[in-house]
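Below you'll find the structure, written out as structure tokens, and then a few comments.
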Amino acid sequence: MTTVHATTYELLREQGITTVFGNPGSNELPFLKDFPKDFTYILGLHEGVVVGIADGYAQASGHPAFVNLHSAAGTGNAMGALSNAWNSHSPLIITAGQQTRAMVGVEALLTNVDAANLPRPLVKWSYEPASAQEVPHAMSRAIHMASMAPRGPVYLSVPYDDWAREADPQSKHLLQRTVVNAGGLSDALLADLVEQLGNARNPVLVLGPDVDAADANQHCVTLAERLNAPVWVAPSAPRCPFPTRHANFRGLLPAGIAAIGKLLEGHDLVLVLGAPVFRYHQYDPGQYLAEGTRLIAVTCDPLEAARAPMGNAIVGDVGLIATALAQHVPVTDRPALAALPAPEPVQQSAGPLRPEVVFDTLDEIAPRDAIYLNESTSTTALMWQRLSMQHQGSYYFAAAGGLGFAMPAAVGVQLAKPERRVIAVIGDGSANYSITTLWTAVQYNIPTIFIIMNNRTYGALRWFAGVLEVENVPGLDVPGIDFCSVAKGYGMRSIKVEDRVQLEDALHEALAVNAPILIEVSTLGPLG
Ligand SMILES: Cc1ncc(C[n+]2csc(CCOP(=O)(O)OP(=O)(O)O)c2C)c(N)n1
Ligand SMILES: [Mg+2]
């Protein structure tokens, strides 16, 4: 007899999925039984960390990542991380063990009551199979649902007695199925878009995370050069879709309605590629677009297209469309753009260090193809100004703004990209949401470099309190944490840094070894 267990592992193997990111409980043990030798299990000590690692791995590898969580409690712990994965179109197959079928009805301990509803609305598809025989089919469906555009997380709850049951022999048809999207532009749509861009007097490009996800950064460089158009990165950027030292690069758009409307004023055509229009943050009422400015958005996501408050949208494959535009848009006779001036160097030798000094030192010492994860919330703008990010897949940030993403995602990205060095720049507040990531990095020797920007405060919230004009707010400082001691407790080498020379030495040491390390830098907060 072939079991549901054997058939499911065979399906995962055939579909190229041989890593399980998880945190187990009793409901999951029958799934993990006789774990195949060609599979790898990556243990995270909290479910937010598990999903964060899987999210980083899925985004950086471009392949779906498989997650195994413990029933309702484990799923609940993962929901914050799931909000980020949902917003970044991360293909995650999240499974959770259910109580044995005979005891679901009496709601025995560890029953996932109404399991399929629990992770909604942060999944594309959620399901609990009606019978054990349906499990391989549901798993196959989950894999294809997660992988199809727009990609995203899916959820499958499996009662633990199902794994030992006999599989439906017809399941063999599922093993090697392929399901592909074929979503380029029709000839007519391409001709129309090319004509609009060719006729535009002063076009501008706004690029988003799905450009980077589609491996299309270079096509956008060609497009920008053919148009001699300035390039902005869409607000609240979760990825870097364009080289930050390119002459056409203008920076990160602010996250307010009026501010964006003003910045894009004077352009007759805005072409947005691979971003929602727009992921605003602070409420800054005003004109979405100035008079005389038209907007066209190309997105993989019909929901993004439908909810945009202005402009036209085309739903399709961002990579194919960027490639086609780069080939067909006519070369303009407008003059080439001059690069932005380099930011002023900041002279400071003694600490606490200004964040500018940290980024300039990093930019000088880190490898050119380093990958940055950012969760130092008050220094994001400085990071974009001062770090050179030239390669595809060089930057990741929580797509829903949920803290606790960057530390585990850095480990997942490093797993997916062992040939590049991953550097996670994490605020002292943010570090606490997923601090147990350090354990996983040590145990699996994943050589991520963690830089903790210790300004002893929730700096971004102090800044936001100013925006909202609210005073006397409690709970904004986080003094008294010794991150080097915490790292040591998890078995990680750590270095405390007070000045620039110490930071340089620490970075050289971190880059010389093939092991994770934590560097705690005493920094100045946004308000000094
Ligand atoms: C899960 C979650 N909880 C709370 C917040 C609210 N929040 C946004 S920024 C921030 C402060 C982060 O502080 P820190 O990491 O020290 O960076 P800094 O702003 O000081 O640079 C907080 C608490 C959030 N975004 N996500
Ligand atoms: Mg801080």
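We did not get these values from a lab; they are worked out from the coordinates using the rules stated. Computed from a predicted structure; not experimentally measured. Every residue, glycine as well, gets a Cβ built from its backbone with ideal geometry; the counts of neighbours run over all protein chains shown.
Straight-line reach from K262: which lysines have Cα under 30 Å away, leaving out those fewer than 8 places along the same chain? Filter leaves no residues. In this structure, R334 and T100 have a Cβ-Cβ separation that, at R0 = 60 Å, corresponds to a calculated FRET efficiency of about 0.30.
Evaluate segment 305-357: find the radius of gyration of its Cα atoms, find its Kirkwood radius, and give the ratio Rg to Rh. Ratio of gyration radius to Kirkwood radius for segment 305-357: 1.26. Working from the Cα coordinates of segment 225-321, the gyration tensor eigenvalues give, after taking √(5λ), semi-axes of 18, 17, 14 Å in decreasing order.
Here the peptides 78-85, 305-312, 387-394, 373-380 are ranked by packing, the mean other Cβ count within 10 Å, and the order with the highest first is 78-85, 373-380, 387-394, 305-312. For segment 270-339, the relative contact order works out to 31 percent when only alpha carbon pairs closer than 8 Å and six or more residues apart are counted. Normalised size of segment 485-528, defined as Cα radius of gyration per 2.2 N^0.38 Å with N residues, equals 1.27. Could you estimate the translational diffusion coefficient of segment 369-528 from the Stokes-Einstein equation, with Rh from the Kirkwood formula over C-alpha pairs, at 25 °C and 0.890 mPa s, in whole µm²/s? Rounded to a whole number, D works out at 153 µm²/s. Reported to the nearest whole Å, the Cα centre-to-centre distance from segment 3-28 to segment 323-359 is 45. Stretching the chain fully between E498 and V467 yields a gain of 8.1 nm (0.36 nm per residue, less the alpha carbon separation). For the chain, the mean residue ellipticity at 222 nm estimated from helices alone is -10000 deg cm²/dmol, where every DSSP H run of n ≥ 4 contributes -39500 (n - 2.57) and the total is divided by all residues, rounded to the nearest 500.
Here segment 452-514 yields Rg over Rh of 1.13, to two decimals, using C-alpha coordinates and the Kirkwood radius.
Ignoring lysines fewer than eight residues from K33 along the same chain, none have Cα atoms less than 16 angstrom from its Cα. Shape of segment 199-275 from its Cα gyration tensor (a ≥ b ≥ c, root eigenvalues): rounded if a/c is under 1.5, otherwise prolate when a/b > b/c, or oblate? Since a/c reaches 1.5 but b/c is at least a/b, the shape of segment 199-275 is classed as oblate. In this rough spin-label picture, where each label sits 7 Å from Cα along the Cβ direction, the E195-M1 distance is 6.6 nm. In this simple spin-label model, placing a label point 7 Å from the Cα along the Cα-to-Cβ direction at both E166 and A350 gives a separation of 8.1 nm. Using R0 = 25 Å, the C-beta based FRET efficiency linking M148 and A73 works out to 0.25. Averaging the Cα positions of each part gives two centres, and for segment 404-472 and segment 176-246 these lie 30 Å apart. Compute the relative contact order of the chain as a whole-number percentage, counting only Cα pairs closer than 8 Å that sit 6 or more residues apart in sequence. So the answer I get is 14 percent. Please compute the modelled spin-label separation between L476 and Y444, points set 7 Å along Cα→Cβ, answer in nm with one decimal. Taking the two extended label points, one gets 3.8 nm. Using just the C-alpha positions of the chain as equal point scatterers, what log10 of I(q)/I(0) does the Debye formula give at each q in 0.06, 0.08, 0.13 1/Å? Once normalised to I(0) and log-transformed, intensities are -0.30, -0.54, -1.29. Sorted from longest to shortest, the spans of the Cα atoms of segment 361-424 along the three principal axes equal 28, 27, 18 Å.
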